[in-house]
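The values are calculated or read from the model by the stated rules, or taken from the named source; none is laboratory data. Bear in mind that the values here come from a model prediction, so they are computed numbers and not experimental data. No Cβ is skipped: glycine too gets one built from the backbone with ideal geometry, and neighbour counts run over all protein chains shown.
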Amino acid sequence: MNSNGRVALITGISGQDGSYLTELLLTKGYVLHGLAPYLRYGLPVDPRVTFHPCDLSDASNLSEILDQAQPDEVYHLGAQSHVKLSFEIPIHTVDVTGLGVLRILEAIRQFQNRSGKQVRFYQASSSEMFGQAVESPQNERTPFHPRSPYACAKVYAHWQTINYREAYGMFACSGILFNHESPRRGEAFVTRKITLAATRIKLGLQHELRLGNIDARRDWGFAGDYVEAMWLMLQQPEPDDYVIASGGQHSVREFLDEVFGCLDLDWKKYVVIDPAFYRPAEVETLLGDATKAREKLGWKPRVALADLARMMVESDLELARREAAAARAV
């Protein structure tokens, strides 16, 4: 039996946040169940995790999974989460990222009615919901102005979470997380795209990096810090919504300075601005105010951007070295 007697179900367990949350909850003695359409980082095959294949665009087996797992907490992290891609596959994005949340909330509501057990639910909301923000920094009261199919889907999911909390008394929280990165970030996301390219350029495996709007400004933090906030939200006496952010802002250009600087390279010699990588509707600037999380949850970020960039560079440099060694061996 686990030390705290609690069971958690994580959707999107094979993604960046899911892998860090898995590690955190295992250290706290949880019994873990994970949902994902496929395995990515390997953590879900940990013998302490029960893996359940589930497609959020269908989710017909969700009731069965909930009955099997009997969770105390559900962390919903699964989504089609790439903003640029959401313009190319908008219907799929809205189905998975928006309606997927409604499917899970309704399945939990019905499970609670069957079992008499209260489930604490976490929804992964996004700073992209603020879009063309009317104020800076953005907090829990800032109006939303989404600028992509992904952001629109997240707004829908966010309000459904609030609706289920208010209509059915569910313990349902949303974490409005600003950008959070790590060595496990998907390779299509700009920070990881930069660290992968820079390390490959350093070793002569790549010669240029094509990017879009490098003047876009974001509030970046470390994913390992941010999953702790998710857990803290579900430990509170009452459910609520929280902005989770570093409170600092940097442009993609500044991130390039940090990453290429770690490798003693001048990014201006290698970066090509390509209009193909611009979004149809750009979000120029986002900056979060996490005062509420700091005061009510006792949460604050630990990893600064420079340390995050170095962490990602060191990890991807090792990947590049292995790639170079394999190329030499052929």
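Which ones in segment 240-280 are hydrophobic (A, V, I, L, M, F, W, C), surrounded by 15 or more Cβ atoms within 10 Å (Cβ to Cβ), more than 29 Å from Y226 (Cα to Cα) and in contact with a strand residue (DSSP E or B) (Cβ under 6 Å, 6 or more places away or on another chain)?
Matches in segment 240-280: V271 only.
Does segment 121-143 include one or more residues that are within 24 Å of Y30 (Cβ to Cβ) and free of Cβ contacts under 8 Å to residues at least 40 places away in the same chain?
Applying the first criterion (within 24 Å of Y30 (Cβ to Cβ)) to segment 121-143 yields 121-125.
Filter once more, keeping what is free of Cβ contacts under 8 Å to residues at least 40 places away in the same chain: none.
No, because not a single residue in segment 121-143 is within 24 Å of Y30 (Cβ to Cβ) and free of Cβ contacts under 8 Å to residues at least 40 places away in the same chain.
Report, by residue number, each residue of segment 185-213 that is more than 21 Å from the chain's Cα centre (by Cα) and hydrophobic (A, V, I, L, M, F, W, C).
Across segment 185-213, the qualifying residues are A197, A198, I201, L203, L205, L209, L211.
Just to be sure I understand, how many residues within segment 201-226 are part of a helix (DSSP H, G or I), of a type in the set (G, A, S) and in contact with a strand residue (DSSP E or B) (Cβ under 6 Å, 6 or more places away or on another chain)?
Initially, segment 201-226 is screened for residues part of a helix (DSSP H, G or I), giving 201-202, 223-226.
When the remaining residues are screened for being of a type in the set (G, A, S), the result is 223-224.
With the extra rule that they be in contact with a strand residue (DSSP E or B) (Cβ under 6 Å, 6 or more places away or on another chain), the set shrinks to 223.
Number of matching residues: 1.
Would you pick out the residues in segment 94-115 that are farther than 30 Å from E128 by Cβ and among the small types (G, A, S)?
Answer for segment 94-115, where residues must be farther than 30 Å from E128 by Cβ and among the small types (G, A, S): just S115.
Can you go through A229, A198 and tell me which one is of a type in the set (G, A, S), touching a strand residue (DSSP E or B) at 6+ places or on another chain (Cβ under 6 Å), at pLDDT 95 or above and assigned to a helix (DSSP H, G or I)? Walk me through it before giving the result.
Numbers: A198 fails: touching a strand residue (DSSP E or B) at 6+ places or on another chain (Cβ under 6 Å).
Going through A229, A198 in turn, the sole match is A229.
Taking I108 as meeting all but one of (1) β-branched (V, I, T); (2) in contact (Cβ under 8 Å) with a residue 24 or more places away in the chain; (3) under 15 Å from W231 (Cβ atoms), write down the number of the exception.
(3)
Do you know which residues across segment 58-89 are crowded, with 16+ Cβ neighbours inside 10 Å, farther than 30 Å from N213 by Cβ and modelled with pLDDT under 85?
A59
A quick yes/no check of all residues on (1) under 30 Å from H76 (Cβ atoms); (2) of a type in the set (D, E):
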{"residue": "Y226", "(1), (2)": "yes, no"}
{"residue": "P239", "(1), (2)": "yes, no"}
{"residue": "H250", "(1), (2)": "yes, no"}
{"residue": "E258", "(1), (2)": "no, yes"}
{"residue": "Y270", "(1), (2)": "no, no"}
{"residue": "D274", "(1), (2)": "no, yes"}
{"residue": "F277", "(1), (2)": "yes, no"}
{"residue": "A281", "(1), (2)": "yes, no"}
{"residue": "L286", "(1), (2)": "yes, no"}
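Run down A329, A281, A324, A320 and say which single residue is farther than 18 Å from F222 by Cα, free of Cβ contacts under 8 Å to residues at least 12 places away in the same chain and not charged (D, E, K, R).
Values: A281 fails: free of Cβ contacts under 8 Å to residues at least 12 places away in the same chain; A324 fails: free of Cβ contacts under 8 Å to residues at least 12 places away in the same chain; A320 fails: free of Cβ contacts under 8 Å to residues at least 12 places away in the same chain.
Residue meeting the stated conditions: A329.
So which of R147, R165 ends up being assigned by TED's automatic domain parsing to the domain that holds A79 and under 30 Å from P237 (Cα atoms)? Give the steps one after another, and end with the answer.
Details: R147 fails: under 30 Å from P237 (Cα atoms).
Going through R147, R165 in turn, the sole match is R165.
Looking at segment 261-284, is at least one residue closer than 30 Å to D241 by Cβ, of a type in the set (V, I, T), outside any loop (DSSP other than H, G, I, E, B) and at pLDDT below 95? Walk me through how you get there before you give the answer.
Keep residues of segment 261-284 that are closer than 30 Å to D241 by Cβ, which gives 279-284.
Narrowing further to those that are of a type in the set (V, I, T): 283.
Filter again for outside any loop (DSSP other than H, G, I, E, B), leaving none.
The answer is no; no qualifying residue exists.
Might you check whether a residue that is of a type outside the set (D, E), without any contact (Cβ under 8 Å) to a residue 24 or more places away in the chain and within 29 Å of D72 (Cβ to Cβ) occurs anywhere in segment 148-165? Break it down stepwise before answering.
To start, the set of residues in segment 148-165 that are of a type outside the set (D, E) comprises 148-165.
Now narrow it down to the ones that are without any contact (Cβ under 8 Å) to a residue 24 or more places away in the chain: 159, 163.
Pick out the ones that are also within 29 Å of D72 (Cβ to Cβ) and you get 159, 163.
Yes, segment 148-165 has at least one match.
So if I check each of E295, E318, E323, which one is in a helix (DSSP H, G or I), of a type in the set (D, E, K, R) and at pLDDT below 95?
Among E295, E318, E323, only E323 is in a helix (DSSP H, G or I), of a type in the set (D, E, K, R) and at pLDDT below 95.
Name, by its number, the condition in (1) within 17 Å of the chain's Cα centre (by Cα); (2) basic (K, R); (3) surrounded by fewer than 21 Cβ atoms within 10 Å (Cβ to Cβ) that does not hold for R218.
Unmet condition: (3).
Could you please let me know if R185 is crowded, with 17+ Cβ neighbours inside 10 Å and modelled with pLDDT under 95?
Values: crowded, with 17+ Cβ neighbours inside 10 Å: yes; modelled with pLDDT under 95: yes.
Against the criterion (crowded, with 17+ Cβ neighbours inside 10 Å and modelled with pLDDT under 95), R185 qualifies.
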